[in-house]
Every structure is written in structure tokens, then in C-alpha cells.
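So the structure is just underneath, and the comments pick up after that.
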Amino acid sequence: MIEAIELEHRFFERYPYLIVDAKRREEIPASWAAVPIAPIFLGNDTARCPLLIDTAAISAVERNALLERLATETAAREETFVSLALTCAKSFARLRRHLIQRIEIPRYKEPSRQFRYFDPGTFIQLPDVIGPAGISWLLGPIDAVAVGWLGEWQRYANPMHADADHFRLREHMDALLAFSVVNRVLMTQRASLRGQQDWRDKANATRAIVDHALATYGLDQRDDLIAFACHAWQWHRAFDSHPTLQTLLAKLAAASPEDKLDYRQLTTHLDKADWQKIAEDLHAATTAEGKPQ
């Protein structure tokens, strides 16, 4: 269940545990006793790990100041200091152990990777990507998560799904790897997105565009996929069906590794007038066919 919530005076009573990204580490007072959520495979290299804070250890004055800061950042549609706020009946130590277990993505015959579920823009996509059983598996003892993103706060409740124990994150590896592409594409549109539901909708549509680029043209480089998806959003969702793009994509398909061609390089030869012509042709074609643009 997802619902809108307010940053009211009892916020930290309802969501006493906070996750703060490593990039804000220097902004956390030492007295807050923040501890890293660090997977074992990193050893002592925890500088890039998020931190967990128990607001019960923070003075009332500091909590009020933090709440005001979050309200100001939210009103300005900025990324908030707090990545996620958590409700959990278990102890701080038990919660941290669970978060550590979930932050590691084991990979067969490859180094483990960090699962950045704590990124707000990533977390709000997870219900659509890993489903209710996956969310229950991810949250475990956590009852609910409050997420501040795009000028609003929403509560994501643990669905307590019966199949959570059978969930396997590795079965969703392709979708997890696509986050680095999808999030970068969405950030180019961040200013125009109306809220978290709009972000989720655009994320789902972007994943479809990325899947199409992979399946149809074999594009598998991150920056190529980002460029392809951005072109789809900027010019026309079916931009690649235009003869100009079909010619370029055919050239790319026929290239050998020695040619060192990629999608980004080929499309740099198209200027704004070329792109506008592509969009106009496709809009005209869909209008003539009586289809929605």
C-alpha cells in the first residue's frame, strides 16, 4: 500500500530510523552515532556505504531542526538529506543486520555488488520491478518506509507477502542492472515530473524502451541505452522506425568490432534539424493513420 504522508511534528516518532546516503556523511553530526550499512564483502572499505541513524539518540532540538530542513528541501523539490525513513518494531541492531543482508547482491563468478535500494528514485520503482513478494523480502522486519522525492513524501507499507521467503533477487538481475540506465534517463526529466507516481510511470515506460533497444538492436552499453531512451522521450517514442535511424542502425549492425562504432557516435551526426524532421515525419504518419501520437 502506497499513500501520501505529511512531515508533521510526530514524523520521527512514526519513522524513527533514518538512512542517509554516504555522500551526506560529512553533514551528519558525530553525536548522532550514525553507523554504516556495510556488507561483509567490503571489509573496512565503508566510505561509500549509507548510514543508519536512530533518531531516539538525537536531541529534541536537533530533531526539530532536521524536520524543518526536510520540509524546506521537500518544498524546493530538492533531494532530501534523508534517503529513507523507517518504521520497525525490532531493535536498532536487528534492523541494521537486516539492512546489511539486503544491501549485497551476490553474483555467480563475479564480485558482489551493492544493491542501492536506499536511493529514493530507485526504491519507489521497486514495487513494479520485484513485486509484493520482493518488497516483503527486502523490508523483512520493517513495517513501512517513508520516501521523500520530487516534492512529496509517500509511505510504502510492507505487504507481508506469503511468498517472501521464496523470493530470489538474482532472478531479477537484468532489471536491477537497468536501474543505472533508467535513473539517469529520468534525471534528465526530473524538473518536469509531477511527483512519485509520474516518476514510477516514466520508469516503467523507460524500461520498455531499454528492453526494445536491447532486443531489437543489441544495444548493451549503458551510455548507448541512455542516449537511445533519451531520444525516444525527446523526439518520438517510435523514432527508431524512421528511415534515417533505420539506416544508421543497419550500419551499426553491420559494423565489426574493429570499426569501433557505437550508437552514440553514429547519432552525433544528426543535428537538431535532422531530429525535428524525424519527429515531424513520424507525427504526420501517425496522424494520417488516425493513431494517437
With Cα coordinates, the longest principal axis of the chain makes an angle with the long axis of helix 222-234, in degrees rounded to 10, of 70 degrees
Here, trypsin sites (Lys or Arg not before Pro) of segment 123-186 satisfying both criteria (DSSP loop; at most 15 other Cβ within 10 Å) are Arg168
PRE zone check, label point 7 Å out along Cα-to-Cβ of Ala22, amide N under 17 Å, scope segment 165-195, hits 180
Residues whose built amide H sits under 5 Å from the amide H of Ser112, excluding neighbours closer than 5 in sequence, are Arg107
Rounded to the nearest 500, the 222 nm mean residue ellipticity computed for the chain from DSSP H runs (n ≥ 4, each -39500 (n - 2.57)) alone is -14500 deg cm²/dmol
For Rg and Dmax of the Cα atoms in Å the list reads (i) 18.2, 51; (ii) 21.9, 66; (iii) 19.1, 56; the calculated value is entry (ii)
Taking alpha-carbon centroids only, segment 195-228 lies from segment 129-192 a number of Å equal to 17 Å
For segment 178-194, Karplus-derived ³J(HN,Hα) couplings (6.51, -1.76, 1.60; θ = phi - 60°; whole Hz; x for glycine and proline) come out as 6, 4, 5, 7, 4, 5, 5, 5, 5, 5, 6, 10, 3, 5, 9, 6, 8
Phi-derived 3J(HN,Hα) across segment 206-216 with the Karplus relation (6.51, -1.76, 1.60, θ = phi - 60°), rounded Hz, x for Gly and Pro, is 5, 4, 5, 5, 5, 4, 5, 5, 5, 6, 8
Kirkwood-based Rg/Rh on the Cα set of segment 2-167 evaluates to 0.95
Scalar couplings 3J(HN,Hα) for segment 118-134 by Karplus 6.51 cos²θ - 1.76 cosθ + 1.60 (θ = phi - 60°), nearest whole Hz, x for Gly and Pro, are 7, 5, x, x, 7, 4, 6, 8, 4, x, 7, 8, 10, x, x, 5, x
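When the Kirkwood radius is taken over all Cα pairs of segment 136-188, what Stokes-Einstein diffusion coefficient follows at 4 °C and 1.567 mPa s, in µm²/s?
Rounded to a whole number, D works out at 97 µm²/s.
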Pairs over 31 Å Cα to Cα, from Lys90/Lys202; Lys23/Lys202; Lys202/Lys272; Lys23/Lys272; Lys23/Lys251, come to Lys90/Lys202; Lys23/Lys272; Lys23/Lys251
Computed from the beta carbon distance with a Förster radius of 45 Å, FRET efficiency for Thr247 and Phe41 to the nearest 0.05 stands at 0.45
Sorted by chain and number, the residues with a modelled amide H under 5 Å from that of Glu104, at a separation of 5 or more or across chains, are Phe115
Treating only Lys and Arg (+1) and Asp and Glu (-1) as charged, each at its beta carbon, one finds that the chain has a dipole about its Cα centre, in Debye to the nearest 20, of 580 debye
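For segment 176-288, what is the per residue volume of the convex hull drawn over the alpha-carbon atoms, in cubic angstrom? List each step's numbers first, then the result.
Values: hull volume 12.9 nm³, N = 113.
Spread over its residues, the Cα hull of segment 176-288 gives 114 Å³ apiece.
Taken together, the values in this text are just the output of simple stated rules run on the coordinates, not laboratory data. Here the structure is a predicted model, which is why all the values come from computation and not from measurement. When we count neighbours, we look across all protein chains shown, and the Cβ atoms used for this are built from the backbone with ideal geometry, even at glycine.
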